[in-house]
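Here's the structure we're looking at; comments come further down.
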């Protein structure tokens, strides 16, 4: 975790938290830290952003340590606008409600609830005594995975039919949308759920998701994330 954005406190000032090491089909490798008072998501994939939110307001801040930029919005705004366009990936309903055999496997330190559906496997970490509903809502909007009231840890589906663009038959293919390799109980400073100090306010949330170097390298990324609106208007 970046030292400049996560100041350390003494053990007496630390609180209980749970850390999930996960892989998302779009975001890539992620580290999610949840507690009763906050949530932090560190993206270790190609985008390298962080997301934080804390009680009681639960305003969501996304920031970059490389560009020292940030953007914030309320939880209600996040649920209305999302983080990326639905063109990139759609948000499913919060409750998947699969039917089928139910298991309680253990991932790292914690037991999770796993349900087998007709075509999907879904698993979640119950939030009781670990975190609160606003955290579950933030994770739902960020990962766009069903939660069934918990923290999603696994979601895979058996595909059927042909792929739209290529026409390739996907029937029987298992697509993993979210997986979790470890869940561990940890102690953290409450400060890790707070936004960094001294960062520059960005023009949009999408701009913070990609580093300046990445945006400069490809105009296609600007179009996908609707970045560079001012430059587009200049040429109209």
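The values are calculated or read from the model by the stated rules, or taken from the named source; none is laboratory data. If you're wondering where the values come from, they're calculated on a predicted model, not measured in any experiment. Neighbour counts are summed over all protein chains in view; Cβ atoms, including those assigned to glycine, are modelled from backbone coordinates with ideal geometry.
Scan the stretch 74-89 and report the pairs whose first residue is on the phi > 0 side of the Ramachandran plot and crowded, with 16+ Cβ neighbours inside 10 Å and whose second residue is modelled with pLDDT of 85 or more and part of a loop (DSSP other than H, G, I, E, B), with Cβ atoms within less than 9 Å and a gap of 6+ or a chain change.
Every condition considered, the pairs that remain are 82/144.
Here are some residues: 187, 203. Which one is surrounded by fewer than 17 Cβ atoms within 10 Å (Cβ to Cβ), at pLDDT 70 or above and in a loop (DSSP other than H, G, I, E, B)?
Result of the check over 187, 203: 203.
How many residues, within the stretch 109-130, are over 19 Å from the mean Cα position of the chain (by Cα), under 16 Å from residue 175 (Cα atoms) and assigned to a strand (DSSP E or B)?
Adding up the residues that qualify gives 3.
Would you check which residues across the stretch 37-67 are out of contact with any helix residue (DSSP H, G or I) (no Cβ under 9 Å at 6 or more places or on another chain) and either farther than 22 Å from residue 210 by Cβ or without any contact (Cβ under 8 Å) to a residue 24 or more places away in the chain (or both) and list them?
Of everything in the stretch 37-67, those that are out of contact with any helix residue (DSSP H, G or I) (no Cβ under 9 Å at 6 or more places or on another chain) and either farther than 22 Å from residue 210 by Cβ or without any contact (Cβ under 8 Å) to a residue 24 or more places away in the chain (or both) turn out to be 44, 45, 56.
Considering the stretch 128-154 alone, what residues qualify as being over 20 Å from residue 76 (Cα atoms), crowded, with 19+ Cβ neighbours inside 10 Å and free of Cβ contacts under 8 Å to residues at least 40 places away in the same chain?
Result: 152, single match.
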